[in-house]
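I have placed the structure first, in the form of structure tokens, so that the comments after it can refer back to it.
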Amino acid sequence: MVGLVRLGLIAILLFACVGCDQVSKGIVREHLALGESHSFLADTFRLTHTENPGAFLSIGASLPEGARIAVFRVGVSILVLGLLGYALLARLTTWGVIGFSLLAASGIGNLIDRMMFDGHVTDFLNVGIGSLRTGIFNTADVVGLVGFAFLILRDPRTKPVDPAT
């Protein structure tokens with residue numbers, strides 16, 4: 001993948017994914033009170049407004065505030081920069097560039113929340129059947145899972161491309 005094409009792909013993915021994440025969270029904050037929940041499709045899908053001080057599915061929420069800042073702001077910032085650098089500079093397939101870019105977009109989306117909302121991330125999506133349910137998550141979490149899937153499910157027959165070419 002040519003350098004400018006790669007850079008363009010990364011930029012488009014970042015703007016689109018982070019933009020959708022922030023818009024969806026803004027709509028939830030504006031239209032659903034904290035703790036308010038609405039059920040759809042025979043309770044298969046729920047919108048529930050929560051503010052999560054932890055990571056995906058509240059992992060790390062019970063850490064002391066200083067540790068949460070170190071891990072979820074500083075650590076995630078460093079990780080996002082590493083993911084973007086790798087997506088931009090490493091010999092990767094297009095699937096790899098997409099996967100690492102989506103993982104970075106996921107981190108950026110939740111990092112914006114942490115910086116703007118006192119270390120909390122807005123979560124609102126919940127799916128399941130009966131008592132078998134996921135935790136409450138957000139669009140950035142979905143983007144991260146899709147990015148991970150791109151890295152795991154990439155076509156092994158494709159060859160990496162030098163980013164300088």
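Below is a table of values for the structure above.
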| item | result |
| --- | --- |
| Filter pass, Asn126 being in contact with a strand residue (DSSP E or B) (Cβ under 7 Å, 6 or more places away or on another chain), modelled with pLDDT of 95 or more and not in a helix (DSSP H, G or I) | yes |
| Filter result (surrounded by 19 or more Cβ atoms within 10 Å (Cβ to Cβ), of a type in the set (Gly, Ala, Ser) and in contact with a Leu (Cβ under 8 Å, 6 or more places away or on another chain)) within segment 107-139 | Gly107 |
| Options Ala87, Ala11, Ala61, Ala16; residue that is among the hydrophobic types (A, V, I, L, M, F, W, C) and modelled with pLDDT under 95 | Ala61 |
| Yes/no for Phe72 being touching a Pro at 6+ places or on another chain (Cβ under 9 Å), under 25 Å from Val23 (Cα atoms) and either in contact (Cβ under 8 Å) with a residue 12 or more places away in the chain or surrounded by 15 or more Cβ atoms within 10 Å (Cβ to Cβ) (or both) | yes |
| Single match in Gly82, Gly119 (criterion: within 28 Å of Pro53 (Cβ to Cβ) and either at pLDDT 95 or above or not small (Gly, Ala, Ser) (or both)) | Gly82 |
| Residue list for segment 89-120, filter: of a type in the set (Val, Ile, Thr) and in contact with a Gly (Cβ under 8 Å, 6 or more places away or on another chain) | Ile98 |
| Residues being in contact with a helix residue (DSSP H, G or I) (Cβ under 6 Å, 6 or more places away or on another chain) and either polar (S, T, N, Q) or without any contact (Cβ under 8 Å) to a residue 60 or more places away in the chain (or both) - total across segment 38-59 | 1 |
| Subset of segment 23-50 that is over 19 Å from Arg133 (Cβ atoms) and within 19 Å of the chain's Cα centre (by Cα) - its residue that is surrounded by the most Cβ atoms within 10 Å (Cβ to Cβ) | Lys25 |
| Tally of residues being in contact (Cβ under 8 Å) with a residue 24 or more places away in the chain and either assigned to a helix (DSSP H, G or I) or over 26 Å from Pro163 (Cβ atoms) (or both) across segment 1-15 | 7 |
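Condition check ((1) among the charged types (D, E, K, R); (2) within 20 Å of Thr139 (Cβ to Cβ); (3) not in a helix (DSSP H, G or I)) across all residues:
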| site | (1), (2), (3) |
| --- | --- |
| Cys17 | no, yes, no |
| Ser39 | no, yes, yes |
| Thr48 | no, yes, yes |
| Leu63 | no, no, yes |
| Gly66 | no, no, no |
| Phe72 | no, yes, no |
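The values are calculated or read from the model by the stated rules, or taken from the named source; none is laboratory data. Keep in mind that what you see is a predicted model, and the values were worked out from it rather than measured. Cβ coordinates were reconstructed from backbone atoms using ideal geometry, including for glycine residues, and neighbour counts include every protein chain displayed.
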